[in-house]
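**Q** Got a structure here, written out as structure tokens. Questions coming.
Values in this text are rule-based calculations from the coordinates and carry no lab data. Nothing here was measured: the structure is a model prediction, and the numbers come from that model. Every residue, glycine as well, gets a Cβ built from its backbone with ideal geometry; the counts of neighbours run over all protein chains shown.
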């Protein structure tokens, strides 16, 4: 069948495209169901802002603890001169 389709396209591209167009539905009904479909634009914008605010808060993590003083390295020794 694959060969028939490709040969049909080569022999008569207009008829091939007409058949392809007939396979596509003329109308498509899309319904949204649930709470989101009942929100106004303002409520939806507010909900999106709240979600983004919560999401940005998740990225920031607070680490609690105490500062510990770590002794540094001793100063370098002066080079010895040999005379």
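**Q** Calculate the radius of gyration of the Cα atoms of the range 2-56 to one decimal place, then report Dmax, the largest Cα-Cα distance, as a whole number, both in Å.
**A** 22.9, 59
**Q** For the residues 63, 36, what sequence is obtained by ranking on other C-beta atoms within 10 Å, fewest first? Can you show the working numbers first?
**A** On the way: 63 4, 36 10.
Ranking 63, 36 by Cβ neighbours within 10 Å, fewest first, gives 63, 36.
**Q** I need the calculated FRET efficiency for the pair residue 27 and residue 53, taking r as the beta carbon distance and R₀ as 35 Å, to the nearest 0.05. Could the numbers behind the result be given before it?
**A** Details: r = 40 Å, r/R0 = 1.14.
The calculated FRET efficiency here is 0.30.
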